[in-house]
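What follows is a single structure, written as structure tokens, with notes after it.
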Amino acid sequence: MKDLLRANIAGFKAYSSAREEYKDKSGRLIFLNANENPFDNGINRYPDPQQEELKTEVSKISQVAADSILLGNGSDEVLDLLFRAFCEPRQDNIITLPPTYGMYGVLAALNAIEEIKVLLQDDFQPDVIKILGSIDSKTKIIFLCSPNNPTGNSFSPAAVEQILLNFNGLVVIDEAYIDFSQDSGWLSRLEEFPNLVITRTLSKAYGMAGIRLGICYASPEIIGILNTIKMPYNVNELTQKKALENLRDRKKVLEQVSQINTERKNLIKELQGVSFIKKVYQSDANFILIRVDDAGKRYRQLLDEGIITRNRSEEPLCKNTLRITVGTPQENRYLLQTINKI
Ligand SMILES: *Cc1c(COP(=O)(O)O)cnc(C)c1O
């Protein structure tokens, strides 16, 4: 771990926030230490910097100990923290597997870290031999996104395991879409691999993109480091409250996920019958990647009918592709009607 950490982070002392010095268990303490407005309106106090109540709930749901969990302002913040803790600007590099989520590259550029791109194979699976061959002494993190955005497929567990076993740096598995998959993901194997970091989010299946809550699971050692460098109050009070409320009542989310998956199956079947759609890729996520005859033209036609899709044609291996999010049954019916009309 010492070799992985940035030098300035190794001895870093976290800011000691007012809220962290004293916790009020009795409810009787008078807080005159944080320069807050004292009149209670529900949000006049700084939020819990360690989000203990919310973390306890996340821990219960995921069956992962609280000291292996870090919460962030979206998983994008968590990814940025990983860069800032482990990647030395203008020196280190990371490996990504395009076509994939663009934030890994953006964060690399932002942190002045070289991004080594090792393309997925034609079946959108990782090319393990090439990945392992691209590692050098400056490689700190390999980013795997499974199910992958924008392709929708999950990576073969055997391939992921090979990478975890043969790389001494961190392997981040971004499981933003895991709730839509039949697969349960890598959480149950967290303790087996000290270099494994898993990120999840409430932005997709849980229906809370608006509150910005990302989750990072890793060894207590890694979580401890991220904790020292995160902003003290990175998850605001309203987010903590709302997340807790929704996580305690997950029945609705599970029903919605099941409905989205049924819709996805139906959409895939229907899209396969459309003449200008050359290929419909299978998906373990809440979106479908399709290859069409002319992505620019089809994108504009759909837009003219009020439907916004994502043109992914600029991504490697994705020429003439559109990524379509699974909508409500009504939205999906209109999408199919429109596609059949144009
Ligand atoms: C949407 C998405 C995220 C979202 O992150 P948040 O910041 O938590 O909203 C993360 N990773 C992937 C691959 C995504 O597609």
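The values are calculated or read from the model by the stated rules, or taken from the named source; none is laboratory data. Note that this is a predicted model, so its numbers are computed, not measured. Cβ: placed from backbone, ideal geometry, glycine included. Neighbour counts: every protein chain shown. The accessibility values were calculated without ligands, DNA or RNA, using every heavy atom of the protein model including side chains. Shrake-Rupley method; radii C 1.70, N 1.55, O 1.52, S 1.80 Å.
If a residue must be open to solvent by 10 Å² or more (accessible area, probe 1.4 Å) and either within 16 Å of the ligand (Cβ to nearest atom) or small (Gly, Ala, Ser) (or both), how many such residues does the range 132-152 contain?
Of the residues in the range 132-152, 5 are open to solvent by 10 Å² or more (accessible area, probe 1.4 Å) and either within 16 Å of the ligand (Cβ to nearest atom) or small (Gly, Ala, Ser) (or both).
Considering only residues that are in contact (Cβ under 8 Å) with a residue 24 or more places away in the chain and out of contact with any helix residue (DSSP H, G or I) (no Cβ under 7 Å at 6 or more places or on another chain), which ones fall in the range 290-304?
Those that are in contact (Cβ under 8 Å) with a residue 24 or more places away in the chain and out of contact with any helix residue (DSSP H, G or I) (no Cβ under 7 Å at 6 or more places or on another chain): ARG291, ASP293, ASP294, ALA295, ARG298, GLN301.
Which residues, counting only those in the range 125-150, are over 15 Å from the mean Cα position of the chain (by Cα) and either of a type in the set (Ser, Thr, Tyr) or under 29 Å from LEU267 (Cβ atoms) (or both)?
Hits for the range 125-150 are GLN125, PRO126, SER134, SER137, THR139.
Give me the residue from the range 153-173 that is away from the ligand (no atom under 15 Å from the Cβ) and polar (S, T, N, Q) and, out of that set, least open to solvent (accessible area, probe 1.4 Å).
SER156
Output the residues belonging to the range 300-320 that are surrounded by 14 or more Cβ atoms within 10 Å (Cβ to Cβ), over 26 Å from GLY207 (Cβ atoms) and in contact with a strand residue (DSSP E or B) (Cβ under 9 Å, 6 or more places away or on another chain).
SER313, GLU315, CYS318, ASN320
Take the residues in the range 182-207 that are hydroxyl-bearing (Ser, Thr, Tyr) and either on the phi > 0 side of the Ramachandran plot or surrounded by fewer than 21 Cβ atoms within 10 Å (Cβ to Cβ) (or both); name whichever of them is nearest to the ligand (Cβ to nearest atom).
This residue is SER203.
If ALA7 meets every condition in (1) touching a residue at least 40 places away in the same chain (Cβ under 8 Å); (2) under 30 Å from ARG310 (Cβ atoms); (3) open to solvent by 60 Å² or more (accessible area, probe 1.4 Å) apart from one, which number is that one?
(2)
Among the residues of the range 85-101, count how many are touching a residue at least 40 places away in the same chain (Cβ under 8 Å) and not in a strand (DSSP E or B).
Counting residues in the range 85-101 that are touching a residue at least 40 places away in the same chain (Cβ under 8 Å) and not in a strand (DSSP E or B) gives 11.
Between a residue in the range 102-114 that is within 15 Å of the ligand (Cβ to nearest atom) and any residue that is among the hydroxyl-bearing types (Ser, Thr, Tyr) and open to solvent by less than 30 Å² (accessible area, probe 1.4 Å), which pairs come within a Cβ distance under 9 Å, given they are 6 or more apart or on different chains?
MET103/SER75; TYR104/THR96; GLY105/THR96; ALA108/THR96
Here are some conditions: (1) open to solvent by 20 Å² or more (accessible area, probe 1.4 Å); (2) near the ligand (Cβ under 10 Å from one of its atoms). TYR177 meets all but one. Which one does it not meet?
(1)
Let's see how each residue does on (1) in a helix (DSSP H, G or I); (2) touching a residue at least 40 places away in the same chain (Cβ under 8 Å); (3) within 11 Å of the chain's Cα centre (by Cα):
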{"position": "ASP179", "(1), (2), (3)": "yes, yes, no"}
{"position": "THR199", "(1), (2), (3)": "no, yes, yes"}
{"position": "GLY207", "(1), (2), (3)": "no, yes, no"}
{"position": "GLY210", "(1), (2), (3)": "yes, no, no"}
{"position": "GLU221", "(1), (2), (3)": "yes, yes, no"}
{"position": "ASN227", "(1), (2), (3)": "yes, yes, no"}
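So, of the residues in the range 247-263 that are part of a helix (DSSP H, G or I) and touching a residue at least 12 places away in the same chain (Cβ under 8 Å), which turns out to be nearest to ASP284 (Cα to Cα)?
ASN261
Got at least one residue in the range 59-76 being modelled with pLDDT of 95 or more, open to solvent by less than 10 Å² (accessible area, probe 1.4 Å), assigned to a helix (DSSP H, G or I) and within 16 Å of the ligand (Cβ to nearest atom)?
No: zero hits.
Right, ALA85: more than 16 Å from the ligand (Cβ to nearest atom), more than 22 Å from SER156 (Cα to Cα) and of a type in the set (A, V, I, L, M, F, W, C) or not?
It is true that ALA85 is more than 16 Å from the ligand (Cβ to nearest atom), more than 22 Å from SER156 (Cα to Cα) and of a type in the set (A, V, I, L, M, F, W, C).
So in the range 208-241, with the set limited to residues that are within 12 Å of the ligand (Cβ to nearest atom) and open to solvent by 60 Å² or more (accessible area, probe 1.4 Å), which one is farthest from ILE141 (Cα to Cα)?
Ranking the qualifying residues of the range 208-241, first place goes to GLY210.
Among the listed residues TYR101, TYR46, which satisfies the condition of being open to solvent by 30 Å² or more (accessible area, probe 1.4 Å), in contact with a Lys or Arg (Cβ under 9 Å, 6 or more places away or on another chain) and hydroxyl-bearing (Ser, Thr, Tyr)?
Only one candidate qualifies: TYR46.
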